[in-house]
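Contents: one structure, followed by commentary.
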Amino acid sequence: MKHYEVEILDAKTREKLCFLDKVEPHATIAEIKNLFTKTHPQWYPARQSLRLDPKGKSLKDEDVLQKLPVGTTATLYFRDLGAQISWVTVFLTEYAGPLFIYLLFYFRVPFIYGHKYDFTSSRHTVVHLACICHSFHYIKRLLETLFVHRFSHGTMPLRNIFKNCTYYWGFAAWMAYYINHPLYTPPTYGAQQVKLALAIFVICQLGNFSIHMALRDLRPAGSKTRKIPYPTKNPFTWLFLLVSCPNYTYEVRACPPPLRPPAGRSQPLMGVPGSAVASADGKAGLLGGRGGGGGGCQAGLPPIVVLGGGGSGGWARPLWTCWPHPALPILTPAHYPHRWGPGSALPS
């Protein structure tokens, strides 16, 4: 049986890095990577990319040497993929962060909302329900990472984890800040809206889990087999008839968008400077002066309140307002430069 000689060159400099003699014809690229690591321990197999052309595609680990378009002396080009991290570690890090960060806002640890709110609890049931749903979602994802998911690639570049975690952790903090804010108010349509959203959440979580199980069953343990998914007897998998990745469809629908309240309903406008407001007597106008009628709050609503503070300009905290009429003038800090403290009423 003839043996192969394998020459490994740097893809950028063409410098010879390694020469392997008497390589078995049925040796795989994965085995060649292991042999290369013996001479260059700093480049472990997951960090290596071997290719037939310096600018070509990476060879797969399962590719067999004698089936490649090479002679008995094969020349392979090496590229360093950089430090790698396992996908399991990536997923665990991405999902553990939001779980922990959300709870910091839920328990209102110091230096988030102010000293007088330290370790206080919301009086609204929906806030506690939101914490339960959020925690359940990420605990589910952590358990799926450990016991359900099967990865076709073992690792990813370490640098990517910072980008991924910035999204997951940052979005969790942004969402948790407003939901657990001491000035938070329940949804516009009350218990009916909460029950509807909870029902959608539960259904979509079941659907998401069902799709993950269906995808897991397509790949036997320890293999890299790729198959086209099809619906099963589980009705949650029937979405495969409409979309390619229904697990994401269910995940997106688990967070239903807020419903726009009708005109005249009291609604918090979160931290947006430049918002139209209405005066306490129901007439529309800019903060700092009465305007013409029409488009303001309905008569009988309580006086509007401005919640200042949170920044040098006093515009970072939420504003209590009525839903603005489209024709209402727009407020900017330049229109009314004075700062108003928390609980200050509109000027008369």
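Values quoted throughout were computed directly from the atomic coordinates according to the rules given, and no laboratory measurement underlies them. All figures in this text were calculated on a predicted structure; none of them were measured in a lab. Neighbour counts are summed over all protein chains in view; Cβ atoms, including those assigned to glycine, are modelled from backbone coordinates with ideal geometry.
Quick one: how many lysine pairs does segment 4-82 have with C-alpha atoms less than 23 Å apart and a gap of 8 or more or different chains? Give me the count, please.
21
Quick one: dipole size for segment 4-82, taken about the Cα centre, charges +1 on Lys/Arg Cβ and -1 on Asp/Glu Cβ, in debye to the nearest 20. Could you put the intermediate results ahead of the total?
On the way: 13 positive and 12 negative charges, 59 e Å.
Taking the Cα centre of segment 4-82 as origin, the dipole is about 280 debye.
Net charge within 14 Å of SER223 by Cβ-Cβ distance, Lys/Arg positive one each and Asp/Glu negative one each, not counting SER223 itself?
On the way: positive: LYS60, ARG150, ARG216, ARG219, LYS224, ARG226, LYS227; negative: ASP61, GLU62, ASP217.
Summing Lys/Arg as +1 and Asp/Glu as -1 gives +4.
If Rh is defined by the Kirkwood formula over all Cα pairs and Rg also comes from Cα, what ratio Rg/Rh do you get for segment 4-82?
Values: Rg = 11.1 Å, Rh = 12.3 Å.
Result for segment 4-82 is an Rg/Rh of 0.91.
Going by how many other Cβ atoms sit within 10 Å of their own, how do VAL126, VAL6, VAL70 line up, fewest first? Don't jump to the answer; show the numbers that get you there.
Numbers: VAL126 19, VAL6 23, VAL70 14.
Fewest-to-most Cβ neighbours within 10 Å comes out as VAL70, VAL126, VAL6.
Arranged by the count of other C-beta atoms within 10 angstrom, fewest first, what order do LYS60, LYS38 take? If you can, show how the numbers build up before the last one.
Working: LYS60 12, LYS38 9.
With the sparsest Cβ surroundings first, the list reads LYS38, LYS60.
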